[in-house]
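Please read the structure below before turning to the comments.
The values are calculated or read from the model by the stated rules, or taken from the named source; none is laboratory data. Owing to the predicted nature of the structure, the values given are computational and were not obtained by experimental measurement. When we count neighbours, we look across all protein chains shown, and the Cβ atoms used for this are built from the backbone with ideal geometry, even at glycine.
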Amino acid sequence: MNNYNLSFISNTDLFNHVRETVEKYRFTIDLAEFNKNIIDPIKLTFDAKVYDKRIQAVVESEILRQLDKSNTNHIGYFHQNIFKYFGHGWRVPDSGFDVVNDSQKIYVEMKKPICVCNQC
């Protein structure tokens, strides 16, 4: 096992935290899962015509988008849940804020940054 020399988390805990995240990654989706998200058939039709793609290709792109969204959410939980290793009063509550330190009266709600540079 590598030595990452991080003061707030042991190498074993970091390894397990990464492993848990990777194990949650999704690679496939069945029809029931696909249909849980409301898919706009008009948008799919426009996409097929505008991008000159068969509807099957547009549906496959939507499947990849859904898988990527799920995996992105897992990475978000990875970021949030790493705080449980910080100690010193930091905790990850079940609901409400993402990260809390009651003794320091710090309550954090993390959001994904949005790039506005139009170059990303």
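In this structure, Tyr77 does not satisfy being more than 17 Å from the chain's Cα centre (by Cα), of a type in the set (Ser, Thr, Tyr) and under 21 Å from Asn16 (Cα atoms). Residues that are over 18 Å from Asn73 (Cβ atoms) and among the acidic types (Asp, Glu) within region 13-28 comprise just one, Asp13. The number of residues in region 1-50 being over 22 Å from Ser70 (Cα atoms), touching a helix residue (DSSP H, G or I) at 6+ places or on another chain (Cβ under 7 Å) and hydroxyl-bearing (Ser, Thr, Tyr) comes to 1. Against the numbered list (1) part of a helix (DSSP H, G or I); (2) surrounded by fewer than 13 Cβ atoms within 10 Å (Cβ to Cβ); (3) without any contact (Cβ under 8 Å) to a residue 40 or more places away in the chain, Phe15 comes up short only at (2). Would you confirm whether or not region 51-68 contains a residue that is of a type outside the set (A, V, I, L, M), closer than 30 Å to Tyr4 by Cβ and surrounded by 11 or more Cβ atoms within 10 Å (Cβ to Cβ)? Within region 51-68 (the criterion being of a type outside the set (A, V, I, L, M), closer than 30 Å to Tyr4 by Cβ and surrounded by 11 or more Cβ atoms within 10 Å (Cβ to Cβ)), the answer is yes, since at least one residue qualifies.
Listed by first and then second residue, the pairs linking a residue in region 80-106 that is exposed (fewer than 15 other Cβ atoms within 10 Å of the Cβ) to a residue that is of a type in the set (S, T, N, Q), with Cβ atoms under 9 Å apart and 6 or more places separating them unless they lie on different chains, are His88/Asn101; His88/Ser103; His88/Gln104; Gly89/Asn101; Gly89/Ser103; Gly89/Gln104; Arg91/Asn101. Hey, does region 23-37 have a residue that's within 25 Å of Val108 (Cα to Cα), in a helix (DSSP H, G or I) and at pLDDT below 95? No, that holds for no residue.
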